[in-house]
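Step one of this worksheet: look at the structure below.
The values are calculated or read from the model by the stated rules, or taken from the named source; none is laboratory data. The structure displayed is predicted, hence computed values, not measured ones. Positions of Cβ are generated from backbone atoms using ideal geometry, with glycine treated the same way; all protein chains shown enter the neighbour counts.
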Amino acid sequence: MNSVFIVAIFFGGLVLALAIIGSTILIGIRIVKGGVSRKGQAYQADETRMIQELYQGLSKMEERVDALETILLDQERKGKAG
């Protein structure tokens, strides 16, 4: 009975070791290749484009807010002066 457990533990350990070695090799290959699939690259490109569009939109909005502040301050000054 003890020999069965020893054999089971040995083969279980062997399978576990092979799985760890195999996954380490796969991760290493993925790191060397760049790690990003074509879908991942397309997703990153879309995300980058959307972030750039958001930034440009926020820059335009900032300019508009500055213009509105200028208009409001000018009206306030004219109201106090007149």
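Total residues in the range 40-82 satisfying the condition of being closer than 30 Å to ARG30 by Cα and β-branched (Val, Ile, Thr): the figure is 2. Kindly evaluate THR48 against the criterion of being at pLDDT 90 or above, part of a helix (DSSP H, G or I) and over 35 Å from the mean Cα position of the chain (by Cα). For THR48, the condition - at pLDDT 90 or above, part of a helix (DSSP H, G or I) and over 35 Å from the mean Cα position of the chain (by Cα) - is not met.
For the range 33-45, taking the residues that are exposed (fewer than 10 other Cβ atoms within 10 Å of the Cβ) and assigned to a helix (DSSP H, G or I), the one that is farthest from the chain's Cα centre (by Cα) is identified as LYS33.
No other residue among ARG30, ARG64 is of a type in the set (Lys, Arg), in a helix (DSSP H, G or I) and at pLDDT 90 or above apart from ARG64.
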